[in-house]
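Data block below; observations after.
The values are calculated or read from the model by the stated rules, or taken from the named source; none is laboratory data. Remember, predicted model here, so these are calculated numbers, not experimental data. Cβ: placed from backbone, ideal geometry, glycine included. Neighbour counts: every protein chain shown. The protein model used for the area step is the full one, side chains on, heavy atoms only, and it has no ligands, DNA or RNA in it. Shrake-Rupley method; radii C 1.70, N 1.55, O 1.52, S 1.80 Å.
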Amino acid sequence: MHKKISLLAGSIVLAFSAGAQAQTKWDLPTAYPASNFHVENLTSFVKDVDTLSEGKLKITLHNNASLYKAPEIKRAVQGNQAQIGEILLTNFANEDPIYELDGLPFLATGYDASFKLYQAQKPFLEKKLNAHGMTLLYAVAWPPQGIFANKDIKQISDMKGLKWRAYSPVTAKIAELVGAQPVTVQQAELAQAMATGVIDSYMSSASTGYDTKTYEYIKKFYDTQAWLPKNAIIVNKKAFDALDPASQAALKKAGAQAEERGWKLSQEKNKWYQEELAKNGMETVKPTVELQEGLSVIGKRMLDDWLKKAGADGQAMIDTYKKQ
Ligand code: PCA
């Protein structure tokens with residue numbers, strides 16, 4: 001009897017230590033808050049990874065830039081301080097033109113076009129990330145970008161002098177081209193920038209308008225549907241290679257599911273976000289033809305500049321996108 005008990009106790013200890021050895025813990029920083037659809041999607045992704053890996057891969061999600069600020073996340077994943085992270089691709093436009101593509105105005109303006117652009121961009125994006133020791137797990141588009149401002153904007157010249165919040169090199173460039181004053185502020189600090197009057201306008205999605213309670217400061221959303229930038233989930237390659245094959249497969253499967261769910265969620269929740277903005281006193285304004293034309297001229301100019309920077313790879317991406 002005594003022997004039996006000790007054997008049993010021994011096997012429990014064994015099972016425990018084997019389990020503990022096999023478990024891997026990863027950190028996943030994102031710059032967006034729990035209310036955000038990307039983060040909602042990430043929450044499901046983390047659960048799916050846990051289930052599919054049978055508890056072997058535990059990912060801790062750190063939201064709202066609590067672990068790293070938006071522009072720091074890519075480097076953190078590259079250096080394996082975080083094994084997986086969420087980045088806004090266009091934030092890194094100054095590192096390489098590949099990151100800028102889906103941030104260009106009026107190249108791809110709806111979800112279908114945006115998904116096609118992603119397919120054309122993807123092999124190049126993967127190659128670039130691989131060269132820096134990372135892999136692309138999945139990417140999901142933000143809802144279409146419009147202009148938040150109190151001012152009446154009928155044409156781009158009306159944007160002159162606006163104190164314009166930029167979140168990327170492209171959004172700063174737009175400000176320059178229309179004569180607004182760009183201030184780069186990431187979403188986690190946006191509410192404060194509005195409250196303190198540092199900025200009085202910006203271009204982004206209804207999703208960010210909702211997350212940051214923009215309706216408390218700004219009353220109009222010009223629905224220009226100018227582009228749909230993407231967030232990408234990137235993984236440190238060494239961390240990935242160190243996983244057992246079953247956990248690698250679990251991660252990939254959960255990633256593929258998250259990509260599909262994320263694109264749907266973005267679209268569905270965009271309607272809901274717009275309703276919430278309206279409920280809170282924000283007017284969605286259909287832009288005038290003049291405003292759309294003015295912005296699309298800027299878009300063409302930026303695409304020309306981009307093609308010069310992006311060379312043969314850039315041309316290949318645009319050709320593939322246009323052929324689809
Ligand atoms: N929201 C993010 C980027 C794109 C978007 O829709 C932001 O404003 O920071």
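Around the amide H of residue 57, modelled in the peptide plane, lie the amide H atoms of 24, all under 5 Å away and 5 or more residues distant in sequence or on another chain.
Pairwise Cα distances in the range 197-308 exceed 22 Å for 55 percent of all pairs. The share of accessible area on the chain that comes from carbon and sulfur is 54 percent, using a 1.4 angstrom probe.
Suppose every Lys and Arg Cβ carries +1 and every Asp and Glu Cβ carries -1, with no other charges. What dipole size does the range 105-204 come out with about its Cα centre, to the nearest 20 debye?
For the range 105-204, the charge dipole is close to 200 debye.
For the range 68-169, GluC sites (Glu not before Pro) meeting the loop criterion (DSSP other than H, G, I, E, B) and having at most 14 other Cβ atoms within 10 Å: 95.
Working note: Karplus 6.51/-1.76/1.60 with θ = phi - 60° gives the range 124-133 the couplings 6, 5, 4, 4, 5, 5, 4, 4, 10, x Hz, where Gly and Pro are set to x.
Residue pairs exceeding 26 angstrom between C-alpha atoms, taken from 122/286; 163/219; 160/271: 122/286; 160/271.
Averaged over all directions, how much area does the convex hull of the C-alpha atoms of the range 33-100 cover when projected, in nm²?
It is 5.1 nm².
Distances between every pair of Cα atoms in the range 282-324, grouped in 5 Å steps from 0 to the bin holding the largest one, split as 5, 20, 16, 17, 15, 12, 9, 5, 1 percent. In a reduced charge model with +1 at each Lys and Arg Cβ and -1 at each Asp and Glu Cβ, the chain shows a dipole moment near 580 debye about its Cα centre. In the calculated pair-distance distribution of the range 100-186, the portion above 22 angstrom amounts to 42 percent of the Cα-Cα pairs.
To the nearest ten degrees, helix 2-22 and the longest principal axis of the Cα atoms of the chain are 30 degrees apart.
On alpha-carbon atoms, Rg over Rh for the chain using Kirkwood Rh?
On the Cα set of the chain, Rg over Rh gives 1.06.
Amide H contacts of residue 201: 163, 165, each under 5 Å away and 5 or more positions distant or on a separate chain (H built 1.01 Å from N in the peptide plane; Pro and chain starts excluded). Work out from phi, with θ = phi - 60° and the Karplus expression 6.51 cos²θ - 1.76 cosθ + 1.60, the ³J(HN,Hα) of each residue of the range 163-179, listed in order in whole Hz, and give x for Gly and Pro. Each residue's phi maps through the Karplus curve to give 8, 9, 7, 10, 10, 7, x, 5, 5, 6, 5, 4, 4, 4, 5, 9, x Hz.
Measuring against 26 Å, Cα to Cα, the residue pairs 127/230; 173/323; 69/238 contain 173/323 as the ones spanning a longer distance.
Counting Lys and Arg as +1 and Asp and Glu as -1 over every other residue whose Cβ lies under 14 Å from the Cβ of residue 126, the net charge comes to +3.
In the chain, a dipole from Cβ-located charges (positive for Lys and Arg, negative for Asp and Glu) runs towards its positive end, and of 298, 310, 258 it is 258 whose Cα lies farthest in that direction.
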